[in-house]
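Student: One structure follows; several queries about it will come next.
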Amino acid sequence: MFVKQLMAISGIFFVLFVIVHAYGNLKMFFGQEAYDRYAEWLKGDAFYPLLPEGGLIVIFRIAMILLAVLHIASAFYTWNVSRKARADRYTVKKNVTDAYAARTMRVSAVILLFLITFHILHFTTATIPAGFEASEMSPYMRMIGAFSNPALVVLYAVFVGTVALHIGHGTWSALQSMGWLRRNTQNVMVVISGIVAAIVFVMFMAPPIGIAVGMIS
Ligand code: HEM
């Protein structure tokens, strides 16, 4: 079904974003200058003169909004179709693992919508004054300020854990939607999905934990 492929493709773009974002955050281990220069580059002359000054962030935000609309709309569509199919008693019952995965995806998706909103209000707009106050503070100092608070390290572990769970199940069902799951490759694919999820979790949590234990200061 075309809609499922749409969900899979928009999901793959999100996975790529999440990996690049987590990788970029690792610059925290290279010191204030390296991280602040990276943050400034992203918001300023990234790919200049191919893109205008500050062009990358504008394109990125438009793309993220479009992808989110596609991803959520196709999720609602497939959910509705499978709900109708369940209501029809002549439909062959799907197996229990599928039902479990679908429920995990729905629950984690709702939690993620809340946590992503929190994340943007926290770091991008600094509307939630957690750990830092002034918007003129350097990006490096904002990270240090935020994760000097252990409660925020725990909250972000929950956030990133939920992302990892969603990506783990999501990668698996995307492979299935694209028709790339075969009986003989199924186990390998489950392992690959798990590895992707684990890498995302470890990469994201390294800087907050580094700050919490005083490795980054
Ligand atoms: C420990 C985990 C994470 C840390 C420390 C972190 C940190 C940051 C920081 C410092 C920014 C830049 C804010 C700014 O100066 O404008 C940012 C932006 C962003 N983060 Fe994260 N992030 C984390 C996890 C995530 C995850 C898991 C997602 C998505 C699932 C995500 C989505 C975003 C988005 C969409 C933006 C861009 C907002 C904008 O348009 O400016 N982040 N993050």
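Student: Just to confirm the number: angle between the C-alpha axis of helix 55-87 and the first principal axis of the chain, 0 to 90 degrees, nearest 10?
Tutor: It is inclined by approximately 30 degrees.
Student: Hand me the tally of lysine pairs in the chain: alpha carbons under 28 angstrom apart, and the pair either on different chains or 8 or more positions apart.
Tutor: Summing the qualifying lysine pairs gives 6.
Student: Here is a follow-up. Could you tell me the relative contact order of segment 2-212? Use alpha-carbon pairs under 8 Å, at least six residues apart, and round to a whole percent.
Tutor: Normalised by residue count, the contact order of segment 2-212 is 30 percent.
Student: Between MET137 and LEU42, take the C-beta separation as r, use R0 = 22 Å, and let me know the FRET efficiency to the nearest 0.05.
Tutor: 0.85
Student: Right, something else. Work the Kirkwood hydrodynamic radius out for segment 2-212: mean of 1/r over every pair of different alpha-carbon atoms, inverted, in Å.
Tutor: Answer for segment 2-212: a Kirkwood hydrodynamic radius of 19.1 Å.
Student: Considering Cα pairs under 8 angstrom that are at least six residues apart, work out the relative contact order of segment 130-217 and quote it in whole percent.
Tutor: 38
Student: Here's another thing I want to ask about it. Can you work out ³J(HN,Hα) from phi for every residue in segment 9-19, in order, using Karplus 6.51 cos²θ - 1.76 cosθ + 1.60 and θ = phi - 60°, giving whole Hz and x for Gly and Pro?
Tutor: Once rounded to whole Hz, the list reads 5, 5, x, 4, 4, 5, 4, 4, 4, 4, 5.
Student: How high is the FRET efficiency between THR127 and ARG106 when r is their beta carbon distance and R₀ equals 41 Å, given to the nearest 0.05?
Tutor: Efficiency computed from Cβ-Cβ geometry: 0.90.
Student: Explain nothing, just compute: Karplus ³J(HN,Hα) = 6.51 cos²θ - 1.76 cosθ + 1.60, θ = phi - 60°, for every residue of segment 165-176 in order, whole Hz, x for Gly and Pro.
Tutor: Coupling constants for segment 165-176: 5, 5, 5, x, 5, x, 4, 4, 6, 5, 4, 5 Hz.
Student: Same structure again: Starting at the first residue of segment 147-162, write each ³J(HN,Hα) from the Karplus equation 6.51 cos²θ - 1.76 cosθ + 1.60 with θ = phi - 60°, in whole Hz, x for Gly and Pro.
Tutor: Per residue, the Karplus-derived 3J(HN,Hα) values read 8, 7, 9, x, 4, 6, 5, 5, 4, 5, 5, 5, 4, 5, x, 5 Hz.
Every read-out reported here was derived from the displayed coordinates using simple, explicitly stated rules and does not represent laboratory data. As the structure is a computational prediction, the values presented were derived from the model and not from experiment. So basically every Cβ, Gly included, is an ideal-geometry build from the backbone, and we count neighbours across all protein chains shown.
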